[in-house]
Structures are given as C-alpha cells and as structure tokens.
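Novice: Here it is, the structure, as structure tokens.
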C-alpha cells in the first residue's frame, strides 16, 4: 500500500490511518486482519458482482479472489468525503499467476458505522485484465 502519489485527502489523519491499515491487510492478503475492519453485517460489492452480505461471506469471497492472483498493491491517488463516508481513488498493481503485473484504476466507496467499522464497501473496478490470456 502506497501513498506517495496521494494528491488530495478530505478525511482526518485518524481516518486516513485507519484506511491505510485496512489496505495493508488487503495488500498482504491477510483475511483475518481485513475482517477486523468490517462490521458483522457489512455489505460488499466488487465490480459487477452481486452484493455480498455478512463479513464471513466477504472474507470467503476475498480468499477465493486472492487465490487467483500472486499479489496486489494499492497506490492511493485521492480520498474524498468525510470520515464516516468517503471514496478512495487508487491504482492497483495486480501480480497475475504468470507473474505479469497489471495496473488497474479503481474507486472504492466506504461507509463506516458509529464504531468506525466498514458497513458498506463498493469497489468500482474492471479486473478483466488480470485474467486475460496473453
């Protein structure tokens, strides 16, 4: 997870620190660390896939996706919104199973509950290049 390209952020340092820790868990593909950022009833939508409800199902889906790649690394560009509801613009380097790295733009909208946990995560991305045969 990188922030050297971060141009603009509208959230507090505390919320940015939370966000960075959340994405450190993602980029290390550590499902149990990622789970600590989700409410029990969190809803996640990844690309054009159906909404997944409940953090156990979210973790299962992430593990399945992570099994299809060798790794990933987020680079934040902008963070817009408030501490409880914001959008993150990022570039993501995906290392494919053939060791080729593909960089894909992404925007993720995150809504947090009163305890500071994600209650809604909507990831706007097209991961097709990760799986295209070259």
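Novice: At pLDDT 95 or above, in contact with a strand residue (DSSP E or B) (Cβ under 9 Å, 6 or more places away or on another chain) and either farther than 15 Å from residue 111 by Cβ or loosely packed, with under 15 Cβ neighbours inside 10 Å (or both): does that describe residue 10? Talk me through it step by step, then tell me what you get.
Specialist: On the way: at pLDDT 95 or above: yes; in contact with a strand residue (DSSP E or B) (Cβ under 9 Å, 6 or more places away or on another chain): yes; either farther than 15 Å from residue 111 by Cβ or loosely packed, with under 15 Cβ neighbours inside 10 Å (or both): yes.
For residue 10, the condition - at pLDDT 95 or above, in contact with a strand residue (DSSP E or B) (Cβ under 9 Å, 6 or more places away or on another chain) and either farther than 15 Å from residue 111 by Cβ or loosely packed, with under 15 Cβ neighbours inside 10 Å (or both) - is met.
Novice: Checking the condition in contact (Cβ under 8 Å) with a residue 40 or more places away in the chain, surrounded by 13 or more Cβ atoms within 10 Å (Cβ to Cβ) and part of a loop (DSSP other than H, G, I, E, B), which residue from 123, 69 passes? Spell out the reasoning first.
Specialist: On the way: 123 fails: part of a loop (DSSP other than H, G, I, E, B).
From the options 123, 69, the qualifying one is 69.
Novice: If residue 98 passes every condition in (1) in contact (Cβ under 8 Å) with a residue 40 or more places away in the chain; (2) not in a strand (DSSP E or B) but one, which one does it miss?
Specialist: (1)
Novice: Would you be able to tell me the number of residues in region 48-57 that are closer than 22 Å to residue 33 by Cα and either in contact (Cβ under 8 Å) with a residue 60 or more places away in the chain or outside any helix (DSSP H, G or I) (or both)? If you could, list the steps in order and put the result at the bottom.
Specialist: Looking only at region 48-57, we keep the residues that are closer than 22 Å to residue 33 by Cα, and these are 51-57.
Checking which are either in contact (Cβ under 8 Å) with a residue 60 or more places away in the chain or outside any helix (DSSP H, G or I) (or both) leaves us with 51-54.
Looking only at that region, the number is 4.
Novice: Residues in region 80-91: is at least one over 16 Å from residue 15 (Cα atoms) and at pLDDT 95 or above?
Specialist: Pass one, region 80-91, residues over 16 Å from residue 15 (Cα atoms): 90-91.
The next check asks that each one be at pLDDT 95 or above; those that pass are 90-91.
Yes - at least one qualifying residue is present in region 80-91.
Novice: Regarding residue 108, is this residue within 19 Å of residue 46 (Cβ to Cβ) and exposed (fewer than 14 other Cβ atoms within 10 Å of the Cβ)? Break it down stepwise before answering.
Specialist: Values: within 19 Å of residue 46 (Cβ to Cβ): yes; exposed (fewer than 14 other Cβ atoms within 10 Å of the Cβ): no.
No, not satisfied.
Novice: When you go through (1) out of contact with any strand residue (DSSP E or B) (no Cβ under 9 Å at 6 or more places or on another chain); (2) on the phi > 0 side of the Ramachandran plot one by one for residue 54, which number turns out not to apply?
Specialist: (1)
Novice: Another question, then. For the structure I just gave you, tell me whether residue 109 is part of a strand (DSSP E or B), in contact with a strand residue (DSSP E or B) (Cβ under 8 Å, 6 or more places away or on another chain) and within 17 Å of residue 28 (Cβ to Cβ). First the steps, then the outcome.
Specialist: Numbers: part of a strand (DSSP E or B): yes; in contact with a strand residue (DSSP E or B) (Cβ under 8 Å, 6 or more places away or on another chain): yes; within 17 Å of residue 28 (Cβ to Cβ): no.
Spelling it out, it is not the case that residue 109 is part of a strand (DSSP E or B), in contact with a strand residue (DSSP E or B) (Cβ under 8 Å, 6 or more places away or on another chain) and within 17 Å of residue 28 (Cβ to Cβ).
Novice: Within region 21-40, track down each residue that is without any contact (Cβ under 8 Å) to a residue 40 or more places away in the chain and outside any strand (DSSP E or B).
Specialist: Going through region 21-40, the residues without any contact (Cβ under 8 Å) to a residue 40 or more places away in the chain turn out to be 21, 24-25, 28, 30-36, 40.
Answer for region 21-40, where residues must be without any contact (Cβ under 8 Å) to a residue 40 or more places away in the chain and outside any strand (DSSP E or B): 21, 24, 25, 28, 30, 31, 32, 33, 34, 35, 36.
Novice: Filter region 82-105 down to the residues that are touching a helix residue (DSSP H, G or I) at 6+ places or on another chain (Cβ under 9 Å) and more than 30 Å from residue 133 (Cα to Cα), then identify the one that is surrounded by the fewest Cβ atoms within 10 Å (Cβ to Cβ).
Specialist: Among them, the one singled out is 82.
The values are calculated or read from the model by the stated rules, or taken from the named source; none is laboratory data. From a predicted model like this one, the values you see are computed outputs, not experimental measurements. Glycine also receives a Cβ, built like all others from the backbone with ideal geometry; neighbour counts cover every protein chain displayed.
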